[in-house]
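Read the structure below first, then the notes.
What follows is calculated from the coordinates using simple rules that are stated; it is not laboratory data. Since this is a predicted model, take the numbers as computed values, not measurements. Cβ: placed from backbone, ideal geometry, glycine included. Neighbour counts: every protein chain shown.
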Amino acid sequence: MDLSDLNSAEMQKFYSEEQQRAMVNEMVSKLTSECWDKCITGTPGNKFSSSEHNCLSNCAQRYLEVSMLVMKRFQGMQ
């Protein structure tokens, strides 16, 4: 894609999409790091134990719920 061919509205849309993509990547990275540190206490083998699996699943679910709650709060403030 040649960015010089984009008009202002297209450029703004492109920039907004890139910002959203970066935010999602950052969120996934934080979720992975936080939940890994919390749930994986030893050296992982070929498979997660059932407790590790449950912990990771619950951690990811809670992280996403809190993130959505925070986003809704910020949107409500605008």
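Bridging of residue 13 to lysines at a Cα separation below 25 Å is possible for 72, once same-chain residues fewer than 8 apart are set aside. The chymotrypsin sites (Phe, Trp or Tyr not before Pro) of segment 42-78 that DSSP puts in a loop, and whose beta carbon has at most 16 other beta carbons within 10 Å, are 48. In a simple Cβ point-charge model (Lys, Arg +1; Asp, Glu -1; nothing else charged), segment 17-67 has a dipole of about 200 debye relative to its Cα centre. Relative to the longest principal axis of the Cα atoms of the chain, the long axis of helix 50-77 lies at roughly 30 degrees. Axis of helix 8-39 versus longest Cα principal axis of the chain: the two differ by about 10°, to the nearest ten degrees. The computed mean projected area of the Cα convex hull in nm² for the structure shown corresponds, within (1) 6.6; (2) 7.2; (3) 8.1, to (3). Adding -39500 (n - 2.57) for every DSSP H run of four residues or longer, then dividing by how many residues the chain holds, sets the calculated 222 nm ellipticity at -28000 deg cm²/dmol. Taking trypsin sites (Lys or Arg not before Pro) across segment 40-72, the ones in a DSSP loop with at most 15 further Cβ atoms lying within 10 angstrom of their Cβ are 47. Which listed residue (16, 33, 53) has the Cα farthest towards the positive end of the charge dipole for the chain, taking +1 on Lys and Arg C-beta and -1 on Asp and Glu C-beta about the Cα centre? So the residue we want is 53.
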